[in-house]
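Student: A single structure is presented below for examination.
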4 protein chains.
Amino acid sequence: MIIILKRNPDQSKVDIFVEEFRQKGLDINYSKGETTTIIGLIGDTLSLDMDLLRANEIVEDVKRITEPFKFANRKFHAEDAQILVGEGAFGAGKFGVIAGPCSVESYEQIIEVAKRVKAAGAKFLRGGAFKPRTSPYAFQGLKAEGIEMLLEAKKVTGLPIVTELISINHLDLFDEVDVIQVGARNMQNFEMLRQLGKLNKPILLKRGNASSIEELLMSAEYILAGGNSNVILCERGIRTFETATRNTLDISAVPLIKRLSHLPIIVDPSHATGISALVKPLAKASVVSGADGLIIEVHPMPSQALCDGAQSVTPNEFDAIMADVKLLCQMENKAL
Amino acid sequence: MIIILKRNPDQSKVDIFVEEFRQKGLDINYSKGETTTIIGLIGDTLSLDMDLLRANEIVEDVKRITEPFKFANRKFHAEDAQILVGEGAFGAGKFGVIAGPCSVESYEQIIEVAKRVKAAGAKFLRGGAFKPRTSPYAFQGLKAEGIEMLLEAKKVTGLPIVTELISINHLDLFDEVDVIQVGARNMQNFEMLRQLGKLNKPILLKRGNASSIEELLMSAEYILAGGNSNVILCERGIRTFETATRNTLDISAVPLIKRLSHLPIIVDPSHATGISALVKPLAKASVVSGADGLIIEVHPMPSQALCDGAQSVTPNEFDAIMADVKLLCQMENKAL
Amino acid sequence: MIIILKRNPDQSKVDIFVEEFRQKGLDINYSKGETTTIIGLIGDTLSLDMDLLRANEIVEDVKRITEPFKFANRKFHAEDAQILVGEGAFGAGKFGVIAGPCSVESYEQIIEVAKRVKAAGAKFLRGGAFKPRTSPYAFQGLKAEGIEMLLEAKKVTGLPIVTELISINHLDLFDEVDVIQVGARNMQNFEMLRQLGKLNKPILLKRGNASSIEELLMSAEYILAGGNSNVILCERGIRTFETATRNTLDISAVPLIKRLSHLPIIVDPSHATGISALVKPLAKASVVSGADGLIIEVHPMPSQALCDGAQSVTPNEFDAIMADVKLLCQMENKAL
Amino acid sequence: MIIILKRNPDQSKVDIFVEEFRQKGLDINYSKGETTTIIGLIGDTLSLDMDLLRANEIVEDVKRITEPFKFANRKFHAEDAQILVGEGAFGAGKFGVIAGPCSVESYEQIIEVAKRVKAAGAKFLRGGAFKPRTSPYAFQGLKAEGIEMLLEAKKVTGLPIVTELISINHLDLFDEVDVIQVGARNMQNFEMLRQLGKLNKPILLKRGNASSIEELLMSAEYILAGGNSNVILCERGIRTFETATRNTLDISAVPLIKRLSHLPIIVDPSHATGISALVKPLAKASVVSGADGLIIEVHPMPSQALCDGAQSVTPNEFDAIMADVKLLCQMENKAL
């Protein structure tokens, strides 16, 4: 960390300031120029609060040289991580496709979709049981019953299941869930992240719609620092001024995160724009930009879906998407 | 609600579509023009999902005429709401000022600040006990002990206390807390909102940094629909492209929310920009734009604060802010 | 266009309001329900100002059903447009690659780059002669001399040249330029667009960094309505809250624009993020999401570039990018 | 300027790198620590391109300590600037109010408005003659004839006039215009800024809707560096994700710019949100946050305005706004 001091700071204050760092076990690189004095701190600076340092009256500015995350940092984990779930996997040459309806609506619906997405090549079944909805008057999911139906579908098809947790108090209902999804709205629910850090189960961590890439990695750090290294990141669109699409898919986040972190990163092309016709081109773009997987909403009759119908593709459309995804994965040397 | 159909829709599908609304008890205003067919729905359309309707193959677009919230809607509550807490109040001519440190750090600190802000005219004491922090390595608050200290400060000064809840599981620690704050990151933690709707205690609901004004009101609706009408809204800055300030204070939200809702709305000029020198001008702007109160971070030694020091003002600076706020409140016919 | 009236409007005002539309030759679809009155306008509503209509005291809201552009609208031009330039082309099955340095710096530099990008498969040479720079102290381009050098490079390699116009007063220097680029900052320089509409030369119109997709198409409409139908659109990243990349590439804009318009759309993966290591994955993503071409910055020694070095790739890196682009174009049935 | 080098850089490259700065006349503060090497540059670093420096293979990061503008920088101009125009002025204790219609529509209209706004206390008349419009089909202004009408209104009322320049080629029509407005869309039309730098006439420079505060000041720098020191800045709302208002007024920009620059800054509360009912509260907020003036759209019959009617206030509403503005200016010790 580099601390740039204001011009002509009070030397006694500088001494006290520097001494505090020394007592924290940090090495000091002190450089006094004619007009600028710079303090370099070497050691574990993760717990230093940049805002606090900036508030000090002798400080002009503060700059991190290393990222504020450690467990999620590629610098300390050169090899790609691979998260194995059932017969599928994410990362290190493995491309995982999760598919299914926005919400579980009935036994028949989830079984039908599960069979179709499995036949098309998906290795994981998604389906919302607990739904976070902007309006208190909107359908909130089948809850415990929805999870039961997902488990039935798992029995029938063998597909591991992925579903969203919206309150840590529901955790006992998730015992047999294979991958726990943390939704965009809970990406900074730090109490939840902390609890999930104690599990030994894959966590699908979706980026908040106004969260930076660094904040996403810091939220992953909460889980990893707790001891659970099974984190799958997910880019699902951010909120911008453009209203033609519900969100703006930040496709650059995929190759950038691959450089910053060893964790797998997948893309949700359905939530990214809210427009089903864009799912295919964005799914393809995700593969070639380096993503380790996809999560796609598939519904037998999108116009009858109880939520997010506008962004769901039909099973037939999903077949066509998977045909292209397979070809591109081959080119990218990734195994589905 | 207005539904605009695509050109030349299949009439049998239109009939089925319309019949569904009729069965939900809605009145239908059906208008078929040469090129455009429009369906007007009259009645309680709150539970209709616009995205779902848009996904229907015969639909071109859907438009709400009334807002999707009812309990938070000024149309149904012409009079300003007033939330009374101790000797202070928010709304309907009453201007409430909440002040105190970002986090409670020690008994001495909180008592000192409490006395100073009370002397300056604040009617409520704030202080974080549970702190949501982007980094797992940052100070996370004194937790239960912090609440104890706040209660001590309340005993000494008589000021009601305001503090943030970050997990619904901590609720029993908040029995004697006067106003429960829902932070920006939890604005769409719907499980938490639902629980708070069952209490009979004022809730300070902060706007998420990427949440629209409508979404803020929908989150208030969760609490109100649950039976708790004591909601105070708070504008605290939104995330934009501008990086010179931490957030961008959306001052227009204040007069706009006063038109849309009868609920009191206060402003947090400290988090809005993260720069202590801007707190005073923004506090003044808040008063004259129609806000019903302020929440301001005050710390005896900002450069030593354990969090958010850069945005905290000193007790002396707070005195100066309050002098101006009092004058402007007088002009606005609001009682502090 | 649909106009929704306020409840119980003054009938005499409604009559005057409706009569005005009738006099403009529009057909009226008038529908009065119990609570809602709706006016549908059929005919050429392009020149109606929605804001003005909304300002009328009897109006609740106004909604366009058709897009506010005509010449740029796919509804009126079902076939993809194709813009031919020299031996290359954009659109309708043709994929055009433009490459070259951010700015022309010397005769040797531009010739070297031109040869290399041609060998790699680019069909067009780019190079800035007039550079719009945020700072008045930054390098502003070689101007007329830069255009001379580009024309020399064209002679040597046969590559048509693409360069940016920053003032309509420089137009006479652009006589032999093959494609005139309108930069992001001039996308809404309507006087310039109007002048370019009088030419019979391809215009590369870059999206403004805070312009919506609709605004981009409206700017294209200025050129097309003037009589010049040779417009190539370019997505080059928008400004969002994310600071890890200079801009956020809005990849969804590509397939969305293909649906809204028949005009070719290309992508600039260099300006999109400002990070050279991301150019390759984003170039690939562009091809498979449906783009009709690419514009890529290539510099022999990026660290010595006089502008935008951080986002330029070397000729060797460009070779590798083109190898992948060719493969993907084959898959997409597009001819380079 | 601080340059942080990568770990263990090639010493010969460092030497060459440092030598280049020395030859530019900069003083070097070289500090080599165990893990981090830092180069401090002292002197005139304005013309150094940070992106270029970052592109160098031995560089980790670069950081400016001083702002990249000089003429617009308060550090070099401690005293507030004051721009005098006729009997009014902006800055250094003077508060200037500009008012008038969005566009000049007729002789009668502009005279009527001019008389009313003068009576209410405005010292300057605005009115658009050349209008930049998103749609080529929208009203584009009365052009030269509009300027004639403004000059007539000036004769009748004595009010200096403010109107927008959209092409440098129209400049000869602006000879008698008192203040030339550069609109948000032309804030980075650097060719225009350069020409305006050669005049000796006040320039009203509006912030682009996606331009940062630093970019606004850099655009002012273009004009100032050219020799014209009469620049009035204007905050008029930025583009964010919030759609309830047309733009989001960045009120924090006002006190922040007062700290960074000595130039006067005024606020346009009309364009900031596009909603006439919000003009009054935002005008008041502007005064108390430290603005040096206001520019407000006033139209005798907003619902009949040829542009932007939705955001215009009536002359009566303007009277009420001015009553409050006067009171607040008194409190702020500013003379209208």
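Student: Based on what the data block shows, is residue A:241 assigned by TED's automatic domain parsing to the domain that holds residue A:316 and in contact with a Lys or Arg (Cβ under 6 Å, 6 or more places away or on another chain)? Steps first, answer last, please.
Tutor: Values: assigned by TED's automatic domain parsing to the domain that holds residue A:316: yes; in contact with a Lys or Arg (Cβ under 6 Å, 6 or more places away or on another chain): yes.
Considered against the rule, which asks whether it is assigned by TED's automatic domain parsing to the domain that holds residue A:316 and in contact with a Lys or Arg (Cβ under 6 Å, 6 or more places away or on another chain), residue A:241 comes out as yes.
Student: For region A:201-219, what are the residues that are more than 10 Å from chain B (Cβ to nearest Cβ), touching a strand residue (DSSP E or B) at 6+ places or on another chain (Cβ under 7 Å) and either under 21 Å from residue B:246 (Cα atoms) or without any contact (Cβ under 8 Å) to a residue 12 or more places away in the chain (or both)?
Tutor: Matches in region A:201-219: A:207, A:216.
To keep it simple, each residue is scored yes or no on (1) more than 10 Å from chain D (Cβ to nearest Cβ); (2) of a type in the set (A, V, I, L, M, F, W, C).
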site	(1), (2)
B:223	yes, yes
B:229	yes, no
B:236	yes, no
B:250	no, no
B:285	no, yes
B:291	no, yes
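Student: Scan region A:232-273 residue by residue and report those that are small (Gly, Ala, Ser) and surrounded by 24 or more Cβ atoms within 10 Å (Cβ to Cβ).
Tutor: A:237, A:252, A:253, A:261, A:270, A:272
Student: Kindly indicate which of B:105, B:57 is charged (D, E, K, R), crowded, with 21+ Cβ neighbours inside 10 Å and more than 20 Å from the chain's Cα centre (by Cα). Don't jump to the end; show me each part of the working.
Tutor: Working: B:57 fails: crowded, with 21+ Cβ neighbours inside 10 Å.
Being charged (D, E, K, R), crowded, with 21+ Cβ neighbours inside 10 Å and more than 20 Å from the chain's Cα centre (by Cα) holds for just one of B:105, B:57, which is B:105.
Student: Just to verify a result, which residue in region D:140-164, among those that are crowded, with 24+ Cβ neighbours inside 10 Å and of a type in the set (A, V, I, L, M), is nearest to residue C:207 (Cα to Cα)?
Tutor: Checked region D:140-164; the qualifying residue nearest to residue C:207 (Cα to Cα) is D:162.
Student: Here's a follow-up. Please go through region A:294-336 and give me each residue that is at positive phi and at pLDDT 95 or above, ordered by number.
Tutor: Taking region A:294-336 and keeping what is at positive phi, we get A:308, A:333.
The one that is at positive phi and at pLDDT 95 or above: A:333.
Student: Also: Of everything in region C:38-86, what is within 23 Å of residue D:309 (Cα to Cα), of a type in the set (Asp, Glu) and not in a strand (DSSP E or B)? Give them in sequence order. Working first, answer last.
Tutor: Quick first cut of region C:38-86, residues within 23 Å of residue D:309 (Cα to Cα) only: C:38-41, C:44-69.
When the remaining residues are screened for being of a type in the set (Asp, Glu), the result is C:44, C:49, C:51, C:57, C:60-61, C:67.
Those that are within 23 Å of residue D:309 (Cα to Cα), of a type in the set (Asp, Glu) and not in a strand (DSSP E or B): C:44, C:49, C:51, C:57, C:67.
Here is a yes/no grid of residues against (1) closer than 28 Å to residue B:165 by Cβ; (2) in the same structural domain as residue B:284 (by TED's automatic domain parsing):
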position: B:27; (1), (2): no, no
position: B:59; (1), (2): no, no
position: B:72; (1), (2): yes, no
position: B:99; (1), (2): yes, yes
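Student: Oh, and also: Give the residues of region C:321-336 that are part of a helix (DSSP H, G or I) and within 11 Å of chain A (Cβ to nearest Cβ), sorted by residue number. Let's see the steps before the verdict.
Tutor: First pass over region C:321-336, keeping only residues part of a helix (DSSP H, G or I): C:321-331.
Once the filter is applied, which keeps residues that are part of a helix (DSSP H, G or I) and within 11 Å of chain A (Cβ to nearest Cβ), region C:321-336 yields C:324, C:325, C:327, C:328, C:330, C:331.
Student: May I ask you to list the residues in region B:293-309 that are more than 10 Å from chain A (Cβ to nearest Cβ), within 21 Å of residue B:208 (Cα to Cα) and not charged (D, E, K, R)? Step through it out loud before you land on a result.
Tutor: Kept after step one, since they are more than 10 Å from chain A (Cβ to nearest Cβ), are these residues of region B:293-309: B:293-298, B:300.
In the following step, the residues that additionally are within 21 Å of residue B:208 (Cα to Cα) were identified as B:293-297.
Selection gives B:293, B:294, B:295, B:296.
Student: Right, another one. So which residues in region C:72-101 are touching a residue at least 12 places away in the same chain (Cβ under 8 Å) and among the aromatic types (Phe, Trp, Tyr)?
Tutor: If the condition is that a residue be touching a residue at least 12 places away in the same chain (Cβ under 8 Å) and among the aromatic types (Phe, Trp, Tyr), then C:90, C:95 are the ones that fit.
Student: Taking the conditions exactly as written (under 18 Å from residue D:257 (Cα atoms), at pLDDT 95 or above and either in the same structural domain as residue D:126 (by TED's automatic domain parsing) or buried (at least 24 other Cβ atoms within 10 Å of the Cβ) (or both)), does residue D:205 satisfy them or not? Write out each step before concluding.
Tutor: Details: under 18 Å from residue D:257 (Cα atoms): yes; at pLDDT 95 or above: yes; either in the same structural domain as residue D:126 (by TED's automatic domain parsing) or buried (at least 24 other Cβ atoms within 10 Å of the Cβ) (or both): yes.
Yes: the conditions hold for residue D:205.
Student: While we're here: Grab the strands (runs of 3 or more DSSP E) fully contained in region A:102-194, keeping just those with 1 or more residues being touching a residue at least 24 places away in the same chain (Cβ under 8 Å) and within 14 Å of another protein chain (Cβ to nearest Cβ).
Tutor: On the way: elements: A:124-126, A:161-164, A:179-182.
In region A:102-194, A:161-164, A:179-182 are the strands (runs of 3 or more DSSP E) which contain 1 or more residues that are touching a residue at least 24 places away in the same chain (Cβ under 8 Å) and within 14 Å of another protein chain (Cβ to nearest Cβ).
Student: Here is a follow-up. If I filter region A:1-43 down to residues being charged (D, E, K, R) and at the interface with another protein chain (Cβ under 9 Å from one of its Cβ atoms), which single residue comes out as farthest from residue B:139 (Cα to Cα)?
Tutor: Of the residues in region A:1-43, the ones charged (D, E, K, R) are A:6-7, A:10, A:13, A:15, A:19-20, A:22, A:24, A:27, A:32, A:34.
Adding the requirement that they be at the interface with another protein chain (Cβ under 9 Å from one of its Cβ atoms) leaves A:27, A:32, A:34.
On the way: A:27: 22, A:32: 31, A:34: 36 Å.
In this case the residue turns out to be A:34.
Student: Read through the list (1) surrounded by fewer than 19 Cβ atoms within 10 Å (Cβ to Cβ); (2) away from every other protein chain (no Cβ under 14 Å), then give the number of the only condition that residue C:51 fails.
Tutor: It fails just one condition, (2).
Yes/no per residue for (1) surrounded by fewer than 23 Cβ atoms within 10 Å (Cβ to Cβ); (2) under 30 Å from residue C:138 (Cβ atoms):
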site: C:283; (1), (2): no, yes
site: C:287; (1), (2): no, no
site: C:290; (1), (2): yes, no
site: C:293; (1), (2): no, yes
site: C:299; (1), (2): no, yes
site: C:306; (1), (2): yes, yes
site: C:313; (1), (2): no, yes
site: C:316; (1), (2): yes, yes
site: C:332; (1), (2): yes, no
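Student: Looking at (1) touching a helix residue (DSSP H, G or I) at 6+ places or on another chain (Cβ under 7 Å); (2) within 14 Å of chain C (Cβ to nearest Cβ), which is the only condition residue D:198 fails?
Tutor: The failed condition is (1).
Student: Moving on to the next point. Please tell me if residue B:89 is crowded, with 23+ Cβ neighbours inside 10 Å, among the aliphatic types (A, V, I, L, M) and more than 20 Å from residue B:308 (Cα to Cα).
Tutor: On the way: crowded, with 23+ Cβ neighbours inside 10 Å: no; among the aliphatic types (A, V, I, L, M): yes; more than 20 Å from residue B:308 (Cα to Cα): yes.
No: the conditions fail for residue B:89.
Student: Sticking with this one: Got at least one residue in region C:234-248 being over 27 Å from residue A:208 (Cβ atoms) and modelled with pLDDT of 95 or more?
Tutor: Step one: of region C:234-248, the residues over 27 Å from residue A:208 (Cβ atoms) are C:234.
Next, only the ones that are modelled with pLDDT of 95 or more stay: C:234.
Yes - at least one qualifying residue is present in region C:234-248.
Student: Another question, then. So in region B:1-16, with the set limited to residues that are buried (at least 19 other Cβ atoms within 10 Å of the Cβ) and out of contact with any Gly (no Cβ under 7 Å at 6 or more places or on another chain), which one is farthest from residue B:66 (Cα to Cα)?
Tutor: From region B:1-16, those buried (at least 19 other Cβ atoms within 10 Å of the Cβ) are B:1-3, B:5; that's our starting set.
Next, only the ones that are out of contact with any Gly (no Cβ under 7 Å at 6 or more places or on another chain) stay: B:1, B:3, B:5.
Values: B:1: 7, B:3: 13, B:5: 20 Å.
Out of the qualifying residues, it is B:5.
Student: Would you please name the residue that is farthest from residue D:239 (Cα to Cα), looking only at residues in region A:220-252 that are free of Cβ contacts under 8 Å to residues at least 40 places away in the same chain and of a type in the set (Val, Ile, Thr)?
Tutor: Within region A:220-252, the match that is farthest from residue D:239 (Cα to Cα) is A:223.
The values are calculated or read from the model by the stated rules, or taken from the named source; none is laboratory data. Values in this document were obtained by computation on a predicted structure and should not be read as measured data. Reconstructed Cβ throughout: ideal geometry from the backbone, glycine too, with neighbour counts over all protein chains shown.
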